[in-house]
Amino acid sequence: MRAQSVDVGVEELEERLLREEFRYQKITLPSGRSVGVRDRSATAAAIFPPDLTGKSVLDLGCNYGYFCFEAKRRGAARVVGLDVDADALRKARLLAQCLGLEVEFQLRDIEAEPLAESFDYILCLNLLHHLNDPLTLLRHMADRARERLVLEVATLGPHDGRKLRLFPLMRRLLLRYPVIYVAPAAAEAQRKLKNYYLTPKALENLLLMQRRLFASLEIRPSEFKGRFLALAHRRRIRHLLLVAGPTAAGKRTLAAALFGGALPELAAALELGDPARFGRLVRDAELRRPGPAAVDALALRYDILRPHFASIHGYARDPVLDVLACAERVTILTIFAPPERLAAQLRAAEAGKRRWSKRHRRMLERYESGKVLEDYRRWLAFSERFAGAERWVVAPYEGHALHPADAFRRRLAEAGGG
Ligand SMILES: C[S@@+](CC[C@H](N)C(=O)[O-])C[C@H]1O[C@@H](n2cnc3c(N)ncnc32)[C@H](O)[C@@H]1O
C-alpha cells in the first residue's frame with residue numbers, strides 16, 4: 001500500500017513537472033520522460049569520479065539542479081545547490097522530490113555574501129561570465145574547495161567569438177594569451193553578451209601562479225558552446241614543515257642536517273617522526289609546477305624578508321603562505337641567527353661576485369643596522385594567526401636550542417627588537 005502511494009506521488013509530480021517550462025538542463029524523470037533541453041551528461045562524466053561517497057558538494061548557479069542530482073547519485077553525503085533564480089529553484093525542489101534525492105537548495109546571490117563554508121567539491125559551471133566581479137568569487141571558491149574546484153568557463157571559442165564579433169584570427173591569437181575579455185554586456189543586450197570571457201591561460205595563472213592552493217589544473221574542452229572545463233586539484237599535505245628565516249640564515253643547511261638524521265634531538269622535540277620522509281627543502285618555484293595532490297610530508301623554505309623584495313606588501317598577501325591552509329598538521333620552524341652572523345653569512349655567500357644585487361645590498365643594510373630583528377618580530381607576530389600550527393624558533397648558534405615562538409618574540413621585544 002505504502003509503495004503504491006509513493007508511486008502515485010511520483011506520477012503526480014511528473015505530471016506537474018511536465019506542465020512546467022524548462023529551458024535549460026535536460027533532466028530525466030523516473031518514468032524515462034524528461035524535462036529541459038540541454039544534455040549535460042558529458043560534463044557530468046568529465047567532472048565527477050564515479051564514486052563520491054561521503055563527499056560534500058556545492059553547486060553555484062545550480063539552475064534546475066542537474067549536477068546536484070548527479071552528485072547525489074554518485075553517493076555524495078551532502079549536496080547544496082545555490083542559485084539567484086527563485087523559479088529555477090522551485091523547479092529544482094520539485095525535481096528533487098520526484099527523483100527522491102536529498103539536495104539542499106538555497107536561494108542566494110553568490111556575489112552578495114562570501115562563501116562561509118568549505119566543501120570537498122565546489123562547482124561553478126557557466127556562471128563566472130554572468131558576474132560583476134568573477135575574480136573575487138574565484139578567490140573565495142579557491143579558499144573553500146577542500147579537494148576539487150570545477151569550472152566551466154565562457155571563453156573566446158567560435159560560439160562566443162561570433163557573438164563578440166571578433167575576427168577569427170584575432171580570436172585565435174587572444175586565446176593563446178592569459179586574457180580576460182571584457183564585453184560591453186549592458187549595451188549589447190540583443191546579442192546576449194555576458195560580462196567576461198577568460199582564456200584557459202588566464203585561469204591557469206589565476207589558480208596556479210597567483211595562488212599555491214592547487215597542486216594541478218586539468219583543462220579540457222567542453223562540449224558546451226565550445227567552452228572549457230577546468231578541474232583544479234587542491235593540495236593536501238599530511239604534515240607541512242615551514243622552515244622560515246631571513247636570507248642566509250642557514251635554512252638549507254639546517255634542513256639537510258635535520259632530514260639527514262644529524263639532529264635527532266631536534267627532530268624528536270619537533271615530533272617529526274622519521275625526518276627523512278621530508279626528503280629535502282622545497283622552494284616556492286617548485287610549487288608552481290604541477291605535482292601530486294596528496295603528499296605525506298612537505299618541507300617548504302620561506303624567506304621572512306619577502307615583503308621587502310617580492311611586491312607582496314606584507315605577509316598577509318603572500319600566496320606562498322596559501323600552502324599552510326592545505327596541511328592537516330603544520331610546524332613553523334623559524335631559524336634565528338643574530339644580525340652580525342647574518343651579515344657575515346650573506347657576505348660569504350656573495351663573495352666573489354663582481355656586483356651585489358640591489359636586493360642583497362638592502363638586506364646587508366638590514367643586517368648591519370640590526371633592523372632584521374624587526375623582521376623577526378613582525379614575522380613571529382604574524383605567524384600567530386595560524387591557529388593550530390606548532391610554532392618554534394631554533395637558534396643554531398645556541399647549540400640548536402629550541403624556543404616556543406611566542407616566548408621568543410617577547411624576548412626579542414624586551415631586548416628592543418621592535
Ligand atoms: C548559464 S546557467 C548555468 C547553469 C549550470 N551551472 C550549468 O552549467 O548547467 C547560469 C546559472 O547561474 C545563475 N546565476 C547567475 N548569477 C547568479 C548569482 N549572482 N548568484 C547565484 N546564481 C546566479 C542563473 O540563475 C543560472 O541558473
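Taken together, the residues in segment 93-121 that are within 12 Å of the ligand (Cβ to nearest atom) and closer than 13 Å to Cys62 by Cβ amount to 5. Output yes when any residue across segment 129-151 is surrounded by fewer than 16 Cβ atoms within 10 Å (Cβ to Cβ), within 12 Å of the ligand (Cβ to nearest atom) and under 22 Å from Ala215 (Cα atoms), and no when none is. Checking segment 129-151: at least one residue is surrounded by fewer than 16 Cβ atoms within 10 Å (Cβ to Cβ), within 12 Å of the ligand (Cβ to nearest atom) and under 22 Å from Ala215 (Cα atoms). Checking Gly61 against (1) within 16 Å of the ligand (Cβ to nearest atom); (2) at negative phi, only one condition comes out false. Which one? With respect to (1) within 16 Å of the ligand (Cβ to nearest atom); (2) at negative phi, Gly61 is out only on (2). Across segment 26-35, which residue is least open to solvent (accessible area, probe 1.4 Å) among those that are more than 11 Å from the ligand (Cβ to nearest atom) and either in a loop (DSSP other than H, G, I, E, B) or among the basic types (Lys, Arg) (or both)? Among those residues, the one meeting the criterion is Leu29. Residues that are farther than 22 Å from Met209 by Cα and open to solvent by 20 Å² or more (accessible area, probe 1.4 Å) within segment 276-298 comprise Ala276, Arg277, Gly279, Arg280, Asp296, listed in sequence order.
Return a yes/no flag: does segment 259-267 have any residue that is assigned to a loop (DSSP other than H, G, I, E, B) and crowded, with 22+ Cβ neighbours inside 10 Å. There is no residue in segment 259-267 that is assigned to a loop (DSSP other than H, G, I, E, B) and crowded, with 22+ Cβ neighbours inside 10 Å.
Within segment 289-337, the set of residues being among the basic types (Lys, Arg) and either part of a strand (DSSP E or B) or touching a residue at least 12 places away in the same chain (Cβ under 8 Å) (or both) comprises Arg301, Arg306, Arg329. Among the residues of segment 64-79, those that are more than 7 Å from the ligand (Cβ to nearest atom), crowded, with 21+ Cβ neighbours inside 10 Å and of a type outside the set (D, E, K, R) comprise Tyr64, Gly65, Cys68, Phe69, Ala71, Ala76, Val79.
The values are calculated or read from the model by the stated rules, or taken from the named source; none is laboratory data. Owing to the predicted nature of the structure, the values given are computational and were not obtained by experimental measurement. Methodologically, a virtual Cβ is constructed for each residue, glycine included, from the backbone with ideal geometry; neighbour enumeration extends over all protein chains shown. All accessible areas refer to the heavy atoms of the entire protein, side chains included, with ligands and DNA or RNA removed. Shrake-Rupley method; radii C 1.70, N 1.55, O 1.52, S 1.80 Å.
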